[in-house]
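**Student:** To start, I am sharing the structure in question, which I have written as structure tokens.
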Amino acid sequence: MKSSAKIFYGLTVFMGIMAVIYILATRNVSDTGSVQGLEWAGATGLALAAGLTLMLGAYFHFTERRIDILPQDWEEAEIEDGAGMLGFFSPGSIWPFVMCVGIGIMGYAIAFMAYWLLLLGAVILIWSGIMLNLQYIMPKEKH
């Protein structure tokens, strides 16, 4: 976790510097050579990317304090130290696909400003998220 936090802090610095350079560059230059002002889409994107990397770096930094040392943070670790169970991943679940369909419908609705379709996609997304969490609690004949 310590190495992950350092990577994200480095990305935060990089994104912050790039945002400042981008703001200064687009404020003074345009396609026609005349001064038009700041280009907001790129500046906002870079600023938000810097904020996101800062949040992730802070999360990894605070989480690293609360857990034991991980193999990737230990310089003398062997490959076997990181072996073991990583978690349970459902081998044949349909619900992640249904969630993607709901997200796709919501994206389509946003592109065409169809609010009823946005609501439908949100309902599908929420329903499939609930079913994904309940798939091993309910009996097999229920799903």
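The values are calculated or read from the model by the stated rules, or taken from the named source; none is laboratory data. Keep in mind the model is a prediction, meaning the values are calculated, not measured. Don't worry about glycine lacking a Cβ; one is built from the backbone with ideal geometry, like all the others, and counts go over all protein chains shown. SASA here: full protein model, heavy atoms, side chains in, ligands and nucleic acids out. Shrake-Rupley method; radii C 1.70, N 1.55, O 1.52, S 1.80 Å.
**Student:** Provide the packing ranking of 63-72, 112-121, 9-18, i.e. peptides ordered by the mean count of other C-beta atoms within 10 Å per residue, highest first. Working shown, then result.
**Tutor:** Details: 63-72: 11.0, 112-121: 13.0, 9-18: 15.9.
Result, highest mean Cβ count within 10 Å first: 9-18, 112-121, 63-72.
**Student:** Per residue of region 97-104, what does 6.51 cos²θ - 1.76 cosθ + 1.60 with θ = phi - 60° give for ³J(HN,Hα)? Whole Hz please, x for Gly and Pro, Karplus curve as stated.
**Tutor:** 5, 5, 4, 5, 5, x, 5, x
**Student:** Would you mind calculating the gained length between Q135 and F112 on full extension (0.36 nm times residue separation, minus the Cα-Cα distance), in nm to one decimal?
**Tutor:** Values: separation 23, 0.36 × 23 = 8.28 nm, distance 3.34 nm.
Working it through step by step, the gained length comes to 4.9 nm.
**Student:** Measuring with a 1.4 Å probe in the full set of protein chains, what accessible area per residue, in whole Å², belongs to the chain?
**Tutor:** Values: 11030 Å² over 143 residues.
Per residue, the chain has an accessible area of 77 Å².
**Student:** Can you run phi through the Karplus equation (6.51, -1.76, 1.60; θ = phi - 60°) for region 14-28 and list ³J(HN,Hα) in whole Hz, with x for Gly and Pro?
**Tutor:** 4, 5, x, 5, 5, 5, 5, 4, 5, 5, 5, 6, 7, 6, 9
**Student:** Would you grab the residues whose amide H sits under 5 Å from the one on I94? Only those 5+ places off in sequence or on another chain, please, with H modelled 1.01 Å from N.
**Tutor:** Result for I94 returns nothing.
**Student:** What shape does the chain take by its C-alpha gyration tensor, where a ≥ b ≥ c are the square roots of the eigenvalues and a/c under 1.5 counts as rounded, a/b above b/c as prolate, and the rest as oblate?
**Tutor:** Details: a/c = 3.59, a/b = 1.18, b/c = 3.04.
In terms of gyration-tensor shape, oblate.
**Student:** Another question, then. Of the candidates W40, W127, W74, which one comes out as most mobile in a Gaussian network treatment of the chain with C-alpha springs shorter than 10 Å?
**Tutor:** W127
**Student:** Return the FRET efficiency for the residue pair L48, D81: r is the Cβ-Cβ distance, R0 is 41 Å, and the value is rounded to the nearest 0.05.
**Tutor:** Numbers: r = 37 Å, r/R0 = 0.90.
With a Förster radius of 41 Å, E is 0.65.
**Student:** I want to check the label-to-label distance for W74 and S90. Put each point 7 Å from Cα in the C-beta direction and report it in nm to one decimal.
**Tutor:** 3.4 nm
**Student:** Mind checking which of Y108, Y22, Y59 has the largest fluctuation in a GNM of the chain, springs on alpha carbons under 10 Å?
**Tutor:** In the Gaussian network model the winner is Y108.
**Student:** Spelling out what I want: for every residue of region 119-132, take phi, set θ = phi - 60°, compute 6.51 cos²θ - 1.76 cosθ + 1.60 (Karplus), and round to whole Hz; glycine and proline get x.
**Tutor:** Here the 3J(HN,Hα) series is 5, 4, x, 5, 5, 5, 5, 5, 4, 5, x, 5, 5, 5 Hz.
**Student:** Something else now. I want the local charge near I67. Using Cβ-Cβ distances under 13 Å, sum +1 for each Lys or Arg and -1 for each Asp or Glu among the other residues.
**Tutor:** On the way: positive: K2, R65, R66; negative: E64, D68, D73.
Result for the local shell: 0.
**Student:** Please work out the ratio of the alpha-carbon Rg of region 94-134 to 2.2 N^0.38 Å and round it to two decimals. It would help to have the intermediate numbers written out before the result.
**Tutor:** On the way: Rg = 10.1 Å, N = 41, 2.2 N^0.38 = 9.0 Å.
Scaled against compact globular proteins, the figure is 1.11.
**Student:** Taking all protein chains as present, what is the carbon and sulfur share of the accessible area of region 4-138, in % to the nearest whole number, probe 1.4 Å?
**Tutor:** Working: 7340 of 10210 Å².
Heavy-atom surface of region 4-138 belonging to carbon and sulfur, 1.4 Å probe: 72 percent.
**Student:** Given the DSSP H assignment, sum -39500 (n - 2.57) over each helix run of at least 4 residues in the chain and divide by its residue total; what's the result at 222 nm in deg cm²/dmol, nearest 500?
**Tutor:** Working: 4 runs with 92 residues, N = 143.
About -22500 deg cm²/dmol.
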